[in-house]
Amino acid sequence: MEEINSDKELNLNVSLEANDLKTYYYWIEKNNFFKRPTSVIVLVLVIMSIVRIIMSLVQGRIYNVYANNLIVLVGILFLLSRGIWRFIYINKITKKIFDSDKIIQKEQIFKITFTTITINYGESISKITWDEIYRIRETEKQFLIFIAINKPIVIPKRFFENPEDISLLRDFSKNVLPK
């Protein structure tokens, strides 16, 4: 384990937007696609049907191709309609969540140290020790600090002043977060 300077701290001023929540929900959707049984079953059926179509064409049995084409088409339509529905749902629900949550709309001031994460939301202050953190995930656009399995603190990367600050949060999460 690499040593980290315990005197270092990271200060961030974060003002979330509805788009930040949307980015988080899209990340969840993308990472949970293969955990949904219906998605996996339909995907397996589509792949099996494509393999059968290729085998039927190679063997010269054209009559099997039409039935398999129907299975592939239905599977693809199901996956597309599900994806479109989830896209519409996420856009609608994130706007409602953001508009109804007055705390998340306030500027959040983070002070992240070797021992704690302190968050000021207007008049409220939350102090969280690293032992209370469930996990941290880094996405392309955000850091997600989970204080429970489904409750993240969202910190968009655009609020980091420089790449060294991003590296410092990575160092904290690698060296301080309980394994």
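Under the rule of -39500 (n - 2.57) per DSSP H run of 4 or more residues, summed and divided by the residues of the chain, what mean residue ellipticity at 222 nm is obtained, to the nearest 500 deg cm²/dmol?
-17500 deg cm²/dmol
Under a Cβ-only charge scheme (Lys and Arg +1, Asp and Glu -1), can you give me the dipole magnitude of the chain about the Cα centre, in debye to the nearest 20?
1180
Starting from the Cα coordinates of segment 115-167, work out the convex hull volume and express it per residue in Å³.
Value for segment 115-167: 101 Å³ per residue.
Taking N as the number of residues in the chain, what value does Rg over Cα atoms divided by 2.2 N^0.38 Å take?
1.45
How much length would be gained if the chain were fully extended between V40 and E164, taking 0.36 nm per residue of separation minus their Cα-Cα distance, in nm to one decimal?
The V40-E164 span can extend by a further 40.6 nm.
By counting other Cβ atoms within 10 Å of each Cβ, how are T116, T23 ranked from fewest to most?
Going from sparsest to densest Cβ surroundings: T116, T23.
Return V40, V154 ranked ascending by Cβ neighbour count within 10 Å, so the fewest neighbours appear first.
In increasing order of surrounding Cβ atoms, one gets V40, V154.
Can you compute 3J(HN,Hα) from phi for each residue in segment 136-145, using the Karplus curve 6.51 cos²θ - 1.76 cosθ + 1.60 with θ = phi - 60°, rounded to whole Hz and x for Gly and Pro?
10, 10, 10, 10, 4, 10, 8, 10, 10, 9
How much length, in nm to one decimal, is gained on full extension between L73 and L57, taken as 0.36 nm per residue of separation minus their Cα-Cα distance?
Using 0.36 nm per residue and subtracting the Cα-Cα distance, I get 4.0 nm.
If one computes the Cα centroid of segment 105-179 and of segment 74-102, what distance in Å separates the two points?
When both Cα centres are located, 27 Å separates them.
Given a Förster distance of 25 Å, report the FRET efficiency between I109 and I28 from their Cβ-Cβ distance, rounded to the nearest 0.05.
0.45
I need the calculated FRET efficiency for the pair K95 and K8, taking r as the beta carbon distance and R₀ as 30 Å, to the nearest 0.05.
It comes out at approximately 0.20.
Placing +1 on the Cβ of each Lys and Arg and -1 on the Cβ of each Asp and Glu in the chain, which of I109, I88, I76 has its Cα farthest towards the positive end of the resulting dipole?
Positive-most Cα among the choices belongs to I76.
Using the membrane-span-like helix rule (whole DSSP H runs, Cα extent along the own axis of at least 30 Å, mean Kyte-Doolittle hydropathy at least 1.6), which helices of the chain qualify?
37-59
I need W27, W85 ordered by Cβ neighbour count within 10 Å, fewest first.
With the sparsest Cβ surroundings first, the list reads W85, W27.
Since every read-out is calculated from the coordinates, none of them should be taken as a lab result. The shown structure was predicted, so the numbers you read here are calculated from the model rather than taken from an experiment. Heads up, the Cβs are rebuilt from the backbone with ideal geometry, glycines too, and the neighbour counts pull from every protein chain shown.
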